[in-house]
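Reviewing the structure listed below.
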Amino acid sequence: MKIKKLNSALFLPFTGLFCFFLSACHSPSPSGSKNVFHLNISSGYLESLDPAFAKDLNMMWVDHMLYNTLVETDEHLHTVPSLANSWGVNESGLTYTFHLRSDVYFQDNVLFDGGKGRKMTAHDVVYSFARIMDPKTASPGAWIFNGKVAAADPFVAIDDTTLQINLRSPFRPLPELLSMSYCSIVPHEVADHWGKDFRSHPCGTGPFTFSYWDEGNALNLLRNPHYWESDSDGQKLPYMDAVQATFVDSKATEFLLFQQGKVDFVNGVDGSFKDLLLSKDGNLKKEFVGKFHLNKSTYLNTEYLGFLTDTSNEAMKDEPTRNPLVRQAINYAIDRKKIVTYFKNGMEIPATQGFIPAGMPGYDSSAHYGYSYNPAKALQLLAAAGYPNGKGMKPIKILCPNNFEDIVNFVASELQEVGITVTIDLMQPNILKQQMSRSKAVFFRAQWLADYPDAETYLVFFNSHFPAPPNYTRFSDPVFDKWYDESLNMPDTARWSLYRKMDSLAMSYAPVVPLYYERLYHFTPNNISGFRSNPMNIIDIKWVRKR
């Protein structure tokens with residue numbers, strides 16, 4: 001398979017135009033400082049700076065600069081202290097107690113006495129969590145607590161530095177769940193005063209404070225001089241004086257700006273540049289080595305094809321994929337290594353070990369319950385299903401978001417090799433998501449990103465007690481559901497072992513075709529050090545230094 005390469009000369013034209021565009025979007029650096037981190041928001045917009053609405057990655061990035069959560073996830077997937085020093089759970093698994101820091105202050109704000117930030121307490125945590133659950137807030141993060149916390153007194157401030165969370169039933173991944181941006185702590189004075197307009201008047205405890213936002217054009221954050229964290233030498237964080245964000249919605253343009261030194265970070269590789277930059281093993285080509293930093297790391301994301309498995313659904317009438325043997329055959333008929341090599345330049349990991357992605361506790365690198373490329377086995381399964389060499393099988397249709405057409409076309413050609421005829425219906429991602437949520441998508445292309453660093457976030461995908469989302473396939477198995485319930489009150493090691501059994505059980509029915517586990521590709525200039533991120537792709541700017 002030949003991949004057309006992008007000529008390197010394309011990096012050079014229009015430099016003056018791009019520089020002019022960027023300078024027009026930037027407001028002046030604070031006090032003329034050069035100690036500014038330049039970030040681009042490639043979605044082209046931010047919906048809100050209120051963490052109760054942090055439903056996409058770019059909002060999470062900015063919220064992580066403005067706010068703090070009780071705990072954080074580090075680059076090694078460890079849940080580490082942040083606003084909470086320590087925590088524990090009682091024997092029943094129903095009551096968590098968090099011990100908070102006593103030296104954290106909200107950022108200065110005119111709504112505080114004297115305009116000076118006041119101390120953060122456990123009462124602020126109670127307010128922030130209750131605010132997420134309040135229907136008047138309409139937070140998309142309400143699911144974090146709804147159905148999990150006790151109906152009466154779910155959040156209790158025992159004193160200023162002690163918080164108690166009471167659950168309806170045990171949920172051992174709770175600390176990991178609380179690392180999500182939705183669970184950032186906000187002050188009631190500011191959030192209540194501004195109401196819905198808190199989206200553009202943020203106030204938190206984070207390393208940077210809000211300065212300026214021209215929506216869709218520029219966002220400026222300044223160093224919080226009263227931030228509570230210090231490095232091992234006692235120097236106050238963050239190191240940078242400011243963060244300035246632009247909103248260029250073209251990834252190709254973003255990389256051009258990066259090459260010109262106008263952007264200090266690029267997340268991922270634009271499809272038009274991957275063949276120019278990367279070899280087939282996912283490494284930088286020699287002509288780019290040393291020109292900038294490339295960091296490759298774990299990303300908790302599984303790209304997959306999904307099947308609707310509810311045979312009582314009218315949409316499943318006469319569908320060949322209602323038979324698990326056909327779904328298994330499809331799994332065996334697809335060469336995932338070719339997908340990764342030819343379409344992803346070796347950037348990803350072929351998903352042959354189940355649905356839980358590489359890097360997540362519970363992932364089994366030696367698992368035999370996944371599916372490898374075996375067309376002979378696919379043919380055997382088709383024959384057993386009553387479709388020898390695909391004979392008698394009506395065409396199956398894949399619903400595909402229009403930005404993934406190339407890979408799905410390859411999948412269709414692979415399936416044709418074993419006699420399965422496939423048609424492809426391209427649609428806008430939001431339309432596809434609606435079809436999946438309404439259980440009208442019989443066979444579809446999608447991805448599943450981790451919300452928090454526990455494999456429960458992947459296995460809930462197969463729990464029959466949940467609607468779509470998360471259970472887009474409508475998979476149902478009583479043994480799986482029983483194991484899921486048992487896992488929620490198990491210590492880590494035992495829970496991870498049961499997670500593998502659950503993954504194995506689900507994969508035996510083939511409700512999904514895992515294609516590949518993603519990896520993060522982060523580019524930074526040579527003058528940047530200390531840039532960090534975790535496997536959920538939450539970036540951390542507070543440690544960054546710029547030479």
Quiz item: For Ala152, which of the numbered conditions (1) under 28 Å from the mean Cα position of the chain (by Cα); (2) closer than 23 Å to Asp485 by Cα fails to hold?
Solution: (1)
Practice problem: Can you tell me which residue among Tyr452, Tyr458, Tyr472 is crowded, with 19+ Cβ neighbours inside 10 Å, of a type in the set (Phe, Trp, Tyr) and either in a helix (DSSP H, G or I) or on the phi > 0 side of the Ramachandran plot (or both)? | Solution: Tyr458
Quiz item: Can you name the number of the only condition in (1) farther than 24 Å from Pro175 by Cα; (2) at pLDDT 95 or above; (3) not aliphatic (A, V, I, L, M) that Glu456 fails?
Solution: (1)
Quiz item: Which residue pairs have Cβ atoms closer than 8 Å, lie 6 or more positions apart in sequence or on different chains, and pair a first residue in the stretch 313-335 that is on the phi < 0 side of the Ramachandran plot with a second residue that is of a type in the set (Asp, Glu)?
Solution: Met316/Asp310; Ala333/Glu414; Ala333/Glu417; Ile334/Glu414; Asp335/Glu414
Quiz item: Quick one: Trp143 ticks every box in (1) touching a residue at least 40 places away in the same chain (Cβ under 8 Å); (2) within 24 Å of Met536 (Cβ to Cβ) bar one, so which box is it?
Solution: (1)
Quiz prompt | Verdict on Asp281 being of a type in the set (Asp, Glu) and either in contact with a Gly (Cβ under 8 Å, 6 or more places away or on another chain) or touching a residue at least 60 places away in the same chain (Cβ under 8 Å) (or both) | solution = yes
Quiz prompt | Subset of the stretch 321-364 that is among the polar types (S, T, N, Q) and either part of a loop (DSSP other than H, G, I, E, B) or under 25 Å from Pro453 (Cα atoms) (or both) - its residue that is modelled with the lowest pLDDT | solution = Asn345
Quiz item: Tally time: how many residues in the stretch 106-134 are in contact with a His (Cβ under 9 Å, 6 or more places away or on another chain) and not hydrophobic (A, V, I, L, M, F, W, C)?
Solution: 10
Quiz prompt | Residue within the stretch 451-461 that is over 20 Å from Tyr299 (Cβ atoms), touching a residue at least 60 places away in the same chain (Cβ under 8 Å) and not aromatic (Phe, Trp, Tyr) present | solution = no
Quiz item: Taking the condition closer than 18 Å to Val156 by Cβ and either modelled with pLDDT under 95 or not in a helix (DSSP H, G or I) (or both), does His76 pass?
Solution: no
Exercise. Quick one: count up the residues across the stretch 374-419 that are in a helix (DSSP H, G or I) and either under 30 Å from Ser272 (Cβ atoms) or not assigned by TED's automatic domain parsing to the domain that holds Phe307 (or both).
Key: 12
Quiz item: Can we say Arg547 is in the same structural domain as Ala441 (by TED's automatic domain parsing) and either in contact (Cβ under 8 Å) with a residue 12 or more places away in the chain or closer than 26 Å to Tyr332 by Cα (or both)?
Solution: no
Quiz item: So which residues in the stretch 307-320 are surrounded by fewer than 22 Cβ atoms within 10 Å (Cβ to Cβ), of a type outside the set (Asp, Glu) and either in a strand (DSSP E or B) or touching a helix residue (DSSP H, G or I) at 6+ places or on another chain (Cβ under 8 Å) (or both), if there are any at all?
Solution: Thr311, Met316
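Which residue is surrounded by the fewest Cβ atoms within 10 Å (Cβ to Cβ), if the candidates are limited to the stretch 120-142 and must be part of a helix (DSSP H, G or I) and of a type in the set (A, V, I, L, M, F, W, C)?
In this case the residue turns out to be Ala130.
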Practice problem: Just one of (1) farther than 30 Å from Val80 by Cα; (2) modelled with pLDDT under 95; (3) touching a helix residue (DSSP H, G or I) at 6+ places or on another chain (Cβ under 8 Å) trips up Lys394, so point out which. | Solution: (2)
Quiz item: Among (1) among the hydrophobic types (A, V, I, L, M, F, W, C); (2) buried (at least 19 other Cβ atoms within 10 Å of the Cβ); (3) over 22 Å from the mean Cα position of the chain (by Cα); (4) within 19 Å of Ala450 (Cβ to Cβ), which single condition is Ala367 missing?
Solution: (2)
Exercise. Kindly indicate whether any position in the stretch 279-286 is over 24 Å from Gly354 (Cβ atoms), modelled with pLDDT of 90 or more and over 25 Å from the mean Cα position of the chain (by Cα).
Key: yes
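Ala446 - would you say it is of a type in the set (A, V, I, L, M), free of Cβ contacts under 8 Å to residues at least 60 places away in the same chain and either crowded, with 16+ Cβ neighbours inside 10 Å or not in a strand (DSSP E or B) (or both)?
In short, no.
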Quiz prompt | Filter pass, Ala441 being of a type in the set (A, V, I, L, M, F, W, C), outside the structural domain of Trp143 (by TED's automatic domain parsing) and part of a helix (DSSP H, G or I) | solution = no
Practice problem: Quickly run through the stretch 43-68 and pick out the residues that are crowded, with 21+ Cβ neighbours inside 10 Å and either among the charged types (D, E, K, R) or not in a helix (DSSP H, G or I) (or both). | Solution: Leu46, Leu49, Asp50, Ala54, Asp63, Tyr67, Asn68
Quiz item: Does Phe98 satisfy being more than 22 Å from Leu237 (Cα to Cα) and buried (at least 22 other Cβ atoms within 10 Å of the Cβ)?
Solution: yes
Exercise. Kindly indicate whether any position in the stretch 214-231 is touching a strand residue (DSSP E or B) at 6+ places or on another chain (Cβ under 6 Å) and either among the β-branched types (Val, Ile, Thr) or on the phi > 0 side of the Ramachandran plot (or both).
Key: no
Exercise. Just need a number here: residues in the stretch 479-530 that are closer than 29 Å to Ile334 by Cα and assigned to a loop (DSSP other than H, G, I, E, B).
Key: 3
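The values are calculated or read from the model by the stated rules, or taken from the named source; none is laboratory data. Computed from a prediction, not measured in an experiment: that's the story for all the values here. No Cβ is skipped: glycine too gets one built from the backbone with ideal geometry, and neighbour counts run over all protein chains shown.
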